[in-house]
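This report concerns only the one structure given below.
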Amino acid sequence: MLSIKQESARQFIKWSVYTLLIINFVFYFAEDWSRAMHTLDAESTFYDWTSEFATTIDESAWFLLLFLLELETYVLNKEKWRDWLSTLMHWIRAACLIMIAHTLVAVVDTVIDYEKVNIVENVTELCELSNGDVSYVYNLEYTEVNEITCNNLSAADQFFWLGEDPLVSDFEGLQLAQNLAWTDVIEVIVWLLILLAIEATVRLQSGGITNGKWISRLGTIKILSYTILLGLGAYWGYLSHWLYTWDTILWIGGFTAIDANLSMVRSK
């Protein structure tokens, strides 16, 4: 059993992590908005818009799921649930999974689009596109191609369209974009595995199973998944995307807090 001071410290750390995640969400929304200004136009469809804001939608869904798990594993674990509350939480959880499924579809679509290599024909210098309402992208940095910027973006003599958006990059930028697209897919899948493992653990403990091989196996899945995510976070850091690295660490901290709630249940 934790002492009052230990429990207070644990709660302070947990809610500090949750607060920092909310702050990060604001940065992600701003980043999605900035990217959308380079990729969307009057002809963009509703799916185009939701795809460009996939990160914002995804983060919103995970916040709700984290909130539900916090309620389930800490706030309400001592109380008898009312039927209406249980039903409401199931519907919210279903809505969140739909939002995450949308994100998975969007990132897979991006992978497919980036694998379709289309050369920008009859162009050997980026400045030739300066009047074409086109943006150059490299390592997730988007820059409008105009007479002022074009000479400083790339010295390559061959360029490629990235999907169906008005985005171009050189060969190195294309390869990096493809790698980052696959990283997004892997990240979404791994987080879903963690969610499934935690949900399964909650259901088992609700049924009175607090130890045994299944609890142990689920714990192993979570540890391996967190290890993969830390590897992806290190990759983001290597590419100087420190916000993504920091966000990964915070989300691992958030779900580790849920695991701590579950451990408290097992120790009782």
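The values are calculated or read from the model by the stated rules, or taken from the named source; none is laboratory data. For clarity, every value in this text was computed on a predicted model and none was experimentally measured. Every residue, glycine as well, gets a Cβ built from its backbone with ideal geometry; the counts of neighbours run over all protein chains shown.
For the stretch 234-243, check the following and say yes or no: at least one residue is in contact with a Leu (Cβ under 6 Å, 6 or more places away or on another chain) and modelled with pLDDT under 95. Checked the stretch 234-243: no residue is in contact with a Leu (Cβ under 6 Å, 6 or more places away or on another chain) and modelled with pLDDT under 95. Checked against (1) under 25 Å from ASN24 (Cβ atoms); (2) in contact with an Asp or Glu (Cβ under 7 Å, 6 or more places away or on another chain), SER154 passes all but condition (1).
Test ASP157 against the criterion of being over 20 Å from the mean Cα position of the chain (by Cα), buried (at least 16 other Cβ atoms within 10 Å of the Cβ) and not in a helix (DSSP H, G or I), and give yes or no. Give the steps one after another, and end with the answer.
Values: over 20 Å from the mean Cα position of the chain (by Cα): yes; buried (at least 16 other Cβ atoms within 10 Å of the Cβ): no; not in a helix (DSSP H, G or I): yes.
In short, no.
Checking ARG35, ARG93 one by one, the residue that is of a type in the set (Lys, Arg), over 27 Å from GLY253 (Cα atoms), assigned to a helix (DSSP H, G or I) and in contact with a helix residue (DSSP H, G or I) (Cβ under 8 Å, 6 or more places away or on another chain) is ARG35 and no other. GLY173 falls short on exactly one of the conditions (1) more than 30 Å from LYS222 (Cβ to Cβ); (2) of a type in the set (Gly, Ala, Ser); (3) touching a helix residue (DSSP H, G or I) at 6+ places or on another chain (Cβ under 7 Å), and that condition is (3).
Applying the criterion of being among the hydroxyl-bearing types (Ser, Thr, Tyr) and under 25 Å from PHE63 (Cα atoms) to the residues of the stretch 186-221, the residue that is surrounded by the most Cβ atoms within 10 Å (Cβ to Cβ) is THR201. Using the structure shown, decide if LEU204 is at pLDDT 90 or above and in contact with a helix residue (DSSP H, G or I) (Cβ under 9 Å, 6 or more places away or on another chain). It is false that LEU204 is at pLDDT 90 or above and in contact with a helix residue (DSSP H, G or I) (Cβ under 9 Å, 6 or more places away or on another chain).
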